[in-house]
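Trainee: Pasting in a structure now, in structure tokens, and then I'll have a few things to ask.
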Amino acid sequence: VLTPLLASPTVTTSGYDLKTAMRLLAEAGVTLQGLGIDALLASYLLDAGRSSYPLESIALEHLGYKAMTEEALLGRGAKAIDFAALPPDNVCVFACERADVALQVSAPLQAALDEAGLATVYRSLEQPLIPVLAEMEARGVKIDSAALGQLSHRLEGELTAATDRIYALAGEP
């Protein structure tokens, strides 16, 4: 039912981690088009120094809203249960809240990107990479292990030389 909307380039789809959504939808035969604000990607652009960007933190920061966490839904540790073991109504409430929060946070994130002068970077550089990275994750990438080994060896040598120079300049390790 949603395929025509998700596949339409004229319908804007905002969300959280659109790359993963794009990859999972592609596995189901749906090509996600009309990418809007990705809360995960926009949050990363706005504060690249953080170690993680959970939707719950983004919602609290930009909406003042405390969203339900997976841990609150599933529990933690040995008592944690799997999503598959939850009643469908519980999963539905959690999923709908996440979708709603991702949509609601898109306007404040767009405003923050505009204010920080990062809207053009988002639209022209980061957003176009979403489908590229999704396809790379789906297909994998070839690695030239010999070339990678040579690069690693060269960089180790450069690091050793730089370390030795720093120690010489400092007069001690």
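The values are calculated or read from the model by the stated rules, or taken from the named source; none is laboratory data. As the structure is a prediction and not an experimental result, all values here were calculated from the model. When we count neighbours, we look across all protein chains shown, and the Cβ atoms used for this are built from the backbone with ideal geometry, even at glycine. Each accessible area value is taken on the protein alone, full model and side chains, heavy atoms only, with ligands, DNA and RNA left out. Shrake-Rupley method; radii C 1.70, N 1.55, O 1.52, S 1.80 Å.
Trainee: Rounded to the nearest whole Å², what accessible area per residue is found for the chain with the 1.4 Å probe? The partial results should precede the final answer.
Mentor: On the way: 11460 Å² over 173 residues.
Accessible area per residue: 66 Å².
Trainee: For P(r) over Cα pairs in 5 Å bins from 0, in percent, which listed value, (i) 1, 7, 12, 14, 14, 13, 11, 8, 8, 6, 3, 2, 1, 0, 0; (ii) 2, 10, 20, 24, 22, 14, 6, 1, 0; (iii) 1, 6, 6, 6, 5, 5, 4, 4, 4, 4, 4, 4, 4, 4, 4, 4, 4, 3, 3, 2, 2, 2, 2, 2, 1, 1, 1, 1, 1, 1, 1, 1, 1, 0, 0, 0, comes from the coordinates shown?
Mentor: Read-out from the structure maps to (i).
Trainee: In the chain, if the dipole is taken from +1 on Lys/Arg beta carbons and -1 on Asp/Glu beta carbons about the Cα centre, which of Leu73, Ser43, Leu6 is farthest to the positive end?
Mentor: Of the listed residues, the answer is Leu6.
Trainee: Treating the angle as unsigned and between 0 and 90°, give the value, to the nearest 10°, between the Cα long axis of helix 127-139 and the longest Cα principal axis of the chain.
Mentor: Between the helix axis and the principal axis of the chain, the angle is about 80 degrees.
Trainee: Something else now. Keeping all protein chains in place and using 1.4 angstrom, which order do Met22, Met68 fall into by accessible surface area, from largest down?
Mentor: These residues rank, largest area first, as Met68, Met22.
Trainee: Moving on. Which value in nm describes the separation of the simple spin-label points at Gln110 and Ala170, placed 7 Å from the Cα toward the beta carbon?
Mentor: It works out to 4.9 nm between the two label points.
Trainee: Assigning unit charges at the beta carbon (Lys, Arg +1; Asp, Glu -1) and nothing else, what dipole magnitude in debye, to the nearest 20, does the range 1-140 show about its Cα centre? Intermediate values should be presented prior to the final figure.
Mentor: Details: 9 positive and 17 negative charges, 33 e Å.
Charge dipole of the range 1-140: 160 debye, to the nearest 20.
Trainee: Next question, about the same structure. Roughly how much of Asp164 is accessible, in Å² to the nearest 10, using a 1.4 Å probe?
Mentor: Per-residue accessible area (Asp164): approximately 90 Å².
Trainee: Further question on the same structure: Rounded to the nearest 500 deg cm²/dmol, what is the calculated helix-only ellipticity per residue at 222 nm for the chain, with -39500 (n - 2.57) per DSSP H run of length n ≥ 4?
Mentor: Calculated from helices alone, the mean residue ellipticity at 222 nm is -19000 deg cm²/dmol.
Trainee: Considering only C-alpha atoms, what is the centroid distance from the range 15-34 to the range 86-118, in Å?
Mentor: 16
Trainee: How far is helix 18-27 tilted, in degrees, relative to the longest principal axis of the Cα atoms in the chain, given as a value from 0 to 90 rounded to the nearest 10?
Mentor: Relative to the chain, helix 18-27 is tipped by roughly 70 degrees.
Trainee: Heads up, I need the accessible area for Ser52: 1.4 angstrom probe, whole protein in place, Å², nearest 10.
Mentor: 60
Trainee: With every protein chain kept in the model, how would you rank Tyr167, Tyr122, Tyr53 by accessible area, 1.4 Å probe, largest at the top?
Mentor: Details: Tyr167 100, Tyr122 0, Tyr53 20 Å².
I get Tyr167, Tyr53, Tyr122, largest accessible area first.
Trainee: Rounded, prolate or oblate for the range 1-46? Axes are the square roots of the Cα gyration tensor eigenvalues, ordered a ≥ b ≥ c, and the cut-off for rounded is a/c under 1.5. Before the final figure, lay out the partial values.
Mentor: On the way: a/c = 3.16, a/b = 1.63, b/c = 1.94.
Here the range 1-46 falls in the oblate category.
Trainee: With unit charges on the beta carbon (Lys/Arg positive, Asp/Glu negative), name the residue among Cys92, Val132, Gly29 whose Cα is farthest towards the positive pole of the charge dipole of the chain.
Mentor: My answer, from the dipole projection, is Gly29.
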